[in-house]
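Structure, as structure tokens:
The values are calculated or read from the model by the stated rules, or taken from the named source; none is laboratory data. Predicted model only: the values in this text are computed from it and were never measured. No Cβ is skipped: glycine too gets one built from the backbone with ideal geometry, and neighbour counts run over all protein chains shown.
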Amino acid sequence: AWSRRGRQRAWSRRGRLRAWSRRGRLRAWSREGLKPTRPAESLERNRSAETLEWKRSARLGSDRGHQCFMKRAAYNSKVSLCVRSYADLISGSVKATGNWHECDVIFSIWNALPAQGEGGSGSDVFFDIGANIGICSIEMASRTSAAQVFAFEPSPRNQFYLTGTFLANPPLLGRLRLFPVGLGERPANLPIYADPTNWGHSVVGSPLGTDPQVVGVVQVRRLDDLVRPPYPQVRLAKIDVEGFESRVLRGGRRLFSSGAVRAVFIELSPFLRGQGSSRHELISLLLEFGFRFHDFSRASAAISPIATWRLKLLACPGSNDRFDNLLAIFSGSPQPPLSRC
């Protein structure tokens, strides 16, 4: 090692690795000395995201030999929806009405929120975490100016219909991105269970119900490993993952704390207990990340803050057996923690 014009150099005996400090910055070079190396973990994460993303070319998954029942969307006759031919909650609604009512609520919330991206509403992104058969994903792509829709869905049976819908709508395909994985707190391969009375209802990791059936093993990944800086400007993230919500938030801590996600529309359900979580934990996490909770009136498109006492009622045991949806909007700084129940 020597000093020459204020620079420090060092290398191994075989000359394979060099590093130096210049103006206080550290650099590392590959053996060939041609380009900087990146940490192996970062490379692996980037490769993982590229490998896992659906390539928009072929159908994924299968459903025991069943095929699509094709239905035109009520809001746009040019949009085709691929749904289950047999009895199922969401598919039944789509076959009867051409829509799933919760997607209309999400659409209304999107329109009530201000644009997030610097390029206006045309640069904003929608996250559909727990996309099921893709009914809300395709509606948001067709009815809004969203630049892209990111869909996350681990169930092979749901993926079969979801990708069927995406491929049936070529004009929208370029704005749709699908990650056929579950999201959680850490990478894992976990069993996925389905309810025989409602095959579209899938739960990762912990069986729920009286007669759950294992329908496969799925990959679970951290959102922070799949979506990395520079972040897309996410106007709205919908999260409905049957009790896995807190794990999704923990695995996306960096993203959700960054301000890149303007709002989160999230389900509170009895399934949280089956995943070792609670309403209190979920609400506390979003407060920690800098979100505040709001009511949304679809009739007036008005968004108003939820009083702390009401939030406490939603978080504590008396409401544990109910299904509720909460709208959380990023405020820019961590909020005081919710007091214990």
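Odds and ends about this structure:
- Screening Asp324, Asp295 for residues that are assigned by TED's automatic domain parsing to the domain that holds Arg254, within 20 Å of Pro270 (Cα to Cα) and acidic (Asp, Glu) leaves exactly one candidate, Asp324.
- When segment 164-190 is limited to residues that are of a type in the set (Gly, Ala, Ser) and not in a loop (DSSP other than H, G, I, E, B), the one that is nearest to Val241 (Cα to Cα) turns out to be Gly182.
- On the stretch given as segment 238-279, residues that are in a strand (DSSP E or B) and at pLDDT below 95 total 2.
- Listed conditions (1) closer than 16 Å to Val203 by Cα; (2) among the basic types (Lys, Arg); (3) surrounded by fewer than 16 Cβ atoms within 10 Å (Cβ to Cβ) are all met by Arg310, apart from (1).
- In segment 319-334, the condition of being under 19 Å from Glu242 (Cα atoms), touching a helix residue (DSSP H, G or I) at 6+ places or on another chain (Cβ under 9 Å) and assigned to a helix (DSSP H, G or I) is met by at least one residue.
- Among (1) at pLDDT 95 or above; (2) closer than 23 Å to Phe271 by Cβ, the one test that Leu190 misses: (1)
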